[in-house]
1. Can you go through A25, A77, A20, A56 and tell me which one is out of contact with any Phe, Trp or Tyr (no Cβ under 9 Å at 6 or more places or on another chain) and within 25 Å of A139 (Cα to Cα)?
2. Considering only the stretch 35-45, how many residues are closer than 19 Å to R146 by Cα and either of a type in the set (A, V, I, L, M, F, W, C) or surrounded by 15 or more Cβ atoms within 10 Å (Cβ to Cβ) (or both)?
3. Taking the stretch 169-199 on its own, how many of its residues are over 26 Å from D148 (Cβ atoms) and in contact (Cβ under 8 Å) with a residue 40 or more places away in the chain?
4. Could you tell me which residue of the stretch 118-162 is nearest to the chain's Cα centre (by Cα), considering only residues that are among the hydroxyl-bearing types (S, T, Y) and over 27 Å from P50 (Cα atoms)?
5. Looking at Q160, is it among the polar types (S, T, N, Q), without any contact (Cβ under 8 Å) to a residue 40 or more places away in the chain and over 18 Å from A77 (Cβ atoms)?
6. Restricting the stretch 51-63 to residues that are farther than 16 Å from H144 by Cα and aliphatic (A, V, I, L, M), which is surrounded by the most Cβ atoms within 10 Å (Cβ to Cβ)?
7. Can you work out which of the residues in the stretch 105-114 that are in a loop (DSSP other than H, G, I, E, B) and over 29 Å from A139 (Cβ atoms) is nearest to the chain's Cα centre (by Cα)?
8. State which residue pairs qualify: first residue closer than 19 Å to W163 by Cα and inside the stretch 22-41, second residue of a type in the set (S, T, N, Q) and surrounded by 10 or more Cβ atoms within 10 Å (Cβ to Cβ) in any location, beta carbons under 6 Å apart, and separation of 6 or more residues or different chains.
Amino acid sequence: MAQIFHHSTNTFSKLSIFGAVFILALLLWLFGAFSRSSYATQAGVDREQPVPFSHAHHVGGIGIDCRYCHTSVETSAVAGIPPTKTCMNCHSQVWNSSPTLEPVRESFRSDRSIEWTRVHDLPDFAYFNHSIHLKKGMACEVCHGRVDKMPLMHQQASLQMEWCLDCHRNPEKYVRRREDVFKMGYEPPADQLAFGLHLVKEYKIQSRTSCSTCHR
C-alpha cells in the first residue's frame, strides 16, 4: 500500500505536540503570575476614602494606639471600625472647622455612619479571627504592614491562601511577644527562629493547616 503521508508529517506532529505542551505551560505560568499580581490581589493599592484619614499622621505622628480606634480587636473576630464619636473625641477641639472633616461632623450630627471603603476584604468563605492571632503573638504589622507610614491605607499582603499557609506552617518566623504585637517598626532578634520556636511552645501555637481551620 502506498504511503499516504509524507515523512515530514512526523516532524510536524512532534512539533505540534511539544508546541501545545509549551503553550499550555506558558498559559499556566501567566495565570499564576497574574493571580499573584497587585492587579489581581490589590496589594499596595491606596484606597480613596470619603474622609482622607491618615494612619501615618495618627499612628506614626501622634502615636495613637491601634486599640483606641479598633476597640474589639483583642476580644472579637473583627477589629471593628470606630464610630464617629471616637473621631469627635479629638476633632470637636482639633480642626473642628476644617472643611475636610465636614463629613465627620455631619455623620456625628445626623447619627449616620460614614461609608468607609473596605481595604482588607477577605472572601466570605474564609474565616479569620483577630483576637486569637493577637493572643498567639501575631502582630498587626505582620499582616497590615507599616500602617504608621501609610498616608492612605492600602493592603500590604496578597491575602491569598498560600500567604496565610506560610505563616501557619512556619509561625516561628513571625511570632513575637504579646506585649509587642501593637508595636510598629519592630526589630526581630537575630535568633528569631530559635526565639520563635520558644514562643510557639510557650503560647501553645498549633500549626493549623487543615481546610476546616479557615473554611467553615
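1. Working: A25 fails: within 25 Å of A139 (Cα to Cα); A77 fails: out of contact with any Phe, Trp or Tyr (no Cβ under 9 Å at 6 or more places or on another chain); A20 fails: within 25 Å of A139 (Cα to Cα).
One residue alone meets the criteria, A56.
2. Quick first cut of the stretch 35-45, residues closer than 19 Å to R146 by Cα only: 38, 41-45.
Now drop any that are not either of a type in the set (A, V, I, L, M, F, W, C) or surrounded by 15 or more Cβ atoms within 10 Å (Cβ to Cβ) (or both), which leaves 41-43, 45.
The qualifying residues number 4.
3. Residues in the stretch 169-199 being over 26 Å from D148 (Cβ atoms) and in contact (Cβ under 8 Å) with a residue 40 or more places away in the chain: 1 in total.
4. In the first step, residues of the stretch 118-162 are kept if they are among the hydroxyl-bearing types (S, T, Y); the result is 127, 131, 158.
The next check asks that each one be over 27 Å from P50 (Cα atoms); those that pass are 127, 131.
Numbers: Y127: 14, S131: 16 Å.
Here the answer is Y127.
5. Values: among the polar types (S, T, N, Q): yes; without any contact (Cβ under 8 Å) to a residue 40 or more places away in the chain: no; over 18 Å from A77 (Cβ atoms): yes.
No; evaluated as a whole, the condition is false for this residue.
6. Across the stretch 51-63, the extreme among qualifying residues is V51.
7. First, the residues of the stretch 105-114 that are in a loop (DSSP other than H, G, I, E, B): 111-114.
Cutting the leftovers down to over 29 Å from A139 (Cβ atoms) gives us 111-112.
Working: D111: 30, R112: 28 Å.
Step by step, filter the stretch 105-114, then rank; the result is R112.
8. Qualifying pairs under 6 Å: T41/S158.
The values are calculated or read from the model by the stated rules, or taken from the named source; none is laboratory data. What you see is a predicted model; the values in this text were computed from it and never measured. Don't worry about glycine lacking a Cβ; one is built from the backbone with ideal geometry, like all the others, and counts go over all protein chains shown.
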